[in-house]
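The values are calculated or read from the model by the stated rules, or taken from the named source; none is laboratory data. Remember, predicted model here, so these are calculated numbers, not experimental data. Heads up, the Cβs are rebuilt from the backbone with ideal geometry, glycines too, and the neighbour counts pull from every protein chain shown. The area values use the complete protein model at the heavy-atom level, side chains included, leaving out ligands, DNA and RNA. Shrake-Rupley method; radii C 1.70, N 1.55, O 1.52, S 1.80 Å.
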Amino acid sequence: RHSRPDSCDAAVQARYRQDAKVLSSGLGALECPCNWFGSDCQDDWVPVQQVQKEVLGDFEMTYLTIDKKAWRKVMKDYRPGSILRVQHLDQNGIPREQPYALAGKSEEGVLEILTGPPPEGLREVVVEVAHAVRRCATGPCGLFVNPVISGFFNGRYSFLMDGLQSVKQVAIVSSGVGLSGVKAAITELLPKDLGIHVFYGIRDLINLPYLNFWQNLVAQKRLTFTLLVSGSSSGAGDLQDAVQKGVALLEAARSKSNVPEPLRPRNKSKSGKIYAQQAIALDFLAGGLAEVGATLEDTAVIICGRNELLIETPRLLQAGCQLDSASCEALIQAHVFTNI
């Protein structure tokens, strides 16, 4: 949804290449490196040699091993939020593809991703590779990877690390397997002099990926962590405070008079909850972001997760924004970053 007109994005190319009206306006079709077309072009495919996994409930922290020299080529254009595309050939020899957000730069030869159960209700060709990755026990399982592309970028097409000039705080919202991209962003942001605030929605806390990573950063007060737990919060341990931050935001959403309706629990019963995308917007009004004086004017917002999160978070930030509509829209365009 953020493809720029001069992009090498394959969908952009397909959309405009045969458009006579567009071409008659003096525009031309941009020729792109083969890699941008992913599974349509096998020139840069690198075979996966081995697969290792750590299973946490429905999550699988997955480590793909490839040739070290090839790894340098795959990671050449890496930046926070970069997408790794995993390919394989189906039973008819047709290439299929699945994108994953990298969890950061691992050791040479290793690519770290986080997977969950593929969404239900989609055509098999859409989730075929996701199922293949989940079935693969030790590899290679006929899997390949392409050089990474993209990264977190805003509505002005600036990448995250280039768009922080006027920023004092970074607020990150995620759910599900989007946490891998969050880990990658935080690793790059930690050396900066920025306040970092993470909002994450999860069903059962005992299955939280990268547990030691979060515990260490919270204990060192390198970031604030807010957990929106919809199931069991047992096993919180050192992250009990993160769970309580989520509970406090839920209570604020129910009780405070200045909370806009879109930020209140959608289920009005006592068991009603708020989602991570509501929590981050609410935090600007009645949480930790409000306490440090953060606003959209000095805060970058990173979104990494499923479509609902990507679509709803900007709308909810707009609902809670205290400025006029045009100013809020301009700030969201400049300060909200996604990798899709």
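For region 286-329, take every pair of Cα atoms, bin their distances at 5 Å starting from 0, and report each bin as a whole percent.
All Cα pairs considered, the percentages come to 5, 19, 27, 26, 18, 5.
Rounded to the nearest 10 Å², what accessible area does Val126 have for a 1.4 Å probe in the complete protein model?
For Val126, solvent-accessible area is about 70 Å².
Based on DSSP loop calls and a cut-off of at most 13 other Cβ atoms within 10 Å, the longest stretch of the chain free of exposed GluC sites (Glu not before Pro) is what?
Result, exposed sites excluded: 121-340.
Could you work out the relative contact order of the chain? I mean the mean sequence separation of Cα pairs under 8 Å and 6+ apart, divided by the number of residues, in percent.
Numbers: 636 pairs, mean separation 56.5, N = 340.
Reported as a whole number, the value is 17 percent.
Count the DSSP beta bridges whose two residues both fall in the chain, then state the antiparallel fraction as a percent rounded to the nearest 5.
Approximately 55 percent, going by the DSSP bridge assignments.
Gln50 to Asp193: FRET efficiency via 1/(1 + (r/R0)^6), r the Cβ-Cβ distance, R0 56 Å, to the nearest 0.05?
After rounding, the FRET efficiency stands at 0.90.
Would you work out which of Ser106, Ile186, Trp71 lies farthest towards the positive end of the dipole of the chain, given +1 charges on the beta-carbon of Lys and Arg and -1 on that of Asp and Glu, about the Cα centre?
Value: Ile186.
To the nearest 10 square angstrom, what accessible area does Lys76 show with a 1.4 Å probe?
150
Keeping all protein chains in place and using 1.4 angstrom, which order do Phe284, Phe144 fall into by accessible surface area, from largest down?
Ranked from most to least accessible, the order is Phe144, Phe284.
Taking the Cα-to-Cβ direction at His131 and at Ile94 and moving 7 Å from each Cα, how far apart do the two end points lie in nm?
1.4
Go through Arg79, Arg85 and list them by solvent-accessible area, largest first, probe radius 1.4 Å. Don't jump to the answer; show the numbers that get you there.
On the way: Arg79 80, Arg85 10 Å².
Sorted by accessible area, descending: Arg79, Arg85.
Would you kindly compute the Cα radius of gyration of region 73-153 and its largest Cα-Cα separation (Dmax), both in Å?
13.0, 37
According to the square roots a ≥ b ≥ c of the eigenvalues of the Cα gyration tensor, what is the shape class of region 96-138, taking rounded for a/c under 1.5, prolate for a/b larger than b/c otherwise, and oblate for the remainder?
Since a/c reaches 1.5 and a/b is larger than b/c, the shape of region 96-138 is classed as prolate.
Within 10 Å, count the other beta carbons around each residue, average over each peptide in 170-179, 203-212, 155-164, and list them highest first.
170-179, 203-212, 155-164
How long are the semi-axes of the ellipsoid equivalent to the chain, from square roots of 5 times the Cα gyration tensor eigenvalues, in whole Å, largest first?
They are 34, 26, 19 Å, listed from largest to smallest.
Enter the accessible area per residue of the chain (Å², integer; probe 1.4 Å; all protein chains in place).
Using a 1.4 Å probe on heavy atoms only, each residue of the chain averages 49 Å².
Using a 1.4 Å probe on the protein heavy atoms, what percent of the accessible area of region 187-334 belongs to carbon and sulfur?
Answer for region 187-334 is 48 percent, counting heavy atoms of protein chains only.
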